[in-house]
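The values are calculated or read from the model by the stated rules, or taken from the named source; none is laboratory data. Quick caveat, the model's predicted, so the values are computed rather than measured. Here the Cβ positions follow ideal geometry from the backbone for every residue, glycine too, while neighbour counts run over all protein chains shown. Each accessible area value is taken on the protein alone, full model and side chains, heavy atoms only, with ligands, DNA and RNA left out. Shrake-Rupley method; radii C 1.70, N 1.55, O 1.52, S 1.80 Å.
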Amino acid sequence: HITALAIFLGLLSAVCFAFFNVYNKVARKHYSTWTAITWTLISAAAFWILLDLLTGIETGPRTPSELGILAIFSVSSIVIPYFFYFDGLKYLVPSTAVIVATLEPVVAIVTSFIFLGESLSVTQIAGGFLIISAVILLEAYRE
């Protein structure tokens, strides 16, 4: 069941993501890609530290091995993709970047199928096809 809190958090997430995309396009005019990534990561770290302090729930790594895994995960899933995304904003308007970013679930499903041996259901294949079709249609009929 969908709660009012879930709807509110979903809408808040959408607003934050929209701000992230639009502001980064503006920021890229004044700052390098690495500066934009650095400030984004500092802001995210500050948020999680504040959350830790306010809730008392530890969200960070507790052991050196957890810190190592977090470092590898951070570079491979945040720093490298953000670099390409932020750098791409030099060439694309934010709305186009967001539309192309919707391909991420399709890439994740296909990657899981190829590298992890996960199965693909008819629903996943159909959903992937619909996402790719929507991206093509949105970009083909762009004003």
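Name the single residue that is least open to solvent (accessible area, probe 1.4 Å) among those in region 19-32 being under 18 Å from Pro81 (Cβ atoms) and outside any helix (DSSP H, G or I).
Applying the filter and picking the extreme gives Arg28.
Report yes if some residue within region 55-74 is closer than 23 Å to Pro105 by Cβ and under 15 Å from the mean Cα position of the chain (by Cα); otherwise report no.
The answer is yes; a qualifying residue exists.
Report, by residue number, each residue of region 33-62 that is open to solvent by 60 Å² or more (accessible area, probe 1.4 Å) and either in a loop (DSSP other than H, G, I, E, B) or touching a residue at least 60 places away in the same chain (Cβ under 8 Å) (or both).
Gly56, Ile57, Glu58, Thr59, Arg62
Could you grab the pairs with beta carbons closer than 8 Å, sequence gap of 6+ or different chains, first residue in region 77-89 and aliphatic (A, V, I, L, M), second one assigned to a helix (DSSP H, G or I)?
Sorted first by the residue in region 77-89, then by its partner, the pairs are Ile78/Leu41; Val79/Ile37; Val79/Leu41; Leu89/Asn21; Leu89/Asn24; Leu89/Lys25; Leu89/Ala97.
Can we say Gly68 is open to solvent by less than 60 Å² (accessible area, probe 1.4 Å), of a type outside the set (A, V, I, L, M), over 30 Å from Lys25 (Cβ atoms) and not in a helix (DSSP H, G or I)? Working first, answer last.
Values: open to solvent by less than 60 Å² (accessible area, probe 1.4 Å): yes; of a type outside the set (A, V, I, L, M): yes; over 30 Å from Lys25 (Cβ atoms): yes; not in a helix (DSSP H, G or I): no.
Answer is no for this residue.
Which residues, taken from region 88-143, are part of a helix (DSSP H, G or I), exposed (fewer than 13 other Cβ atoms within 10 Å of the Cβ) and at pLDDT below 85?
Glu139, Ala140
Within region 2-18, identify whether any single residue is polar (S, T, N, Q), part of a loop (DSSP other than H, G, I, E, B) and either more than 19 Å from Pro81 (Cα to Cα) or in contact with a helix residue (DSSP H, G or I) (Cβ under 6 Å, 6 or more places away or on another chain) (or both), and answer yes or no.
Yes, that holds for at least one residue.
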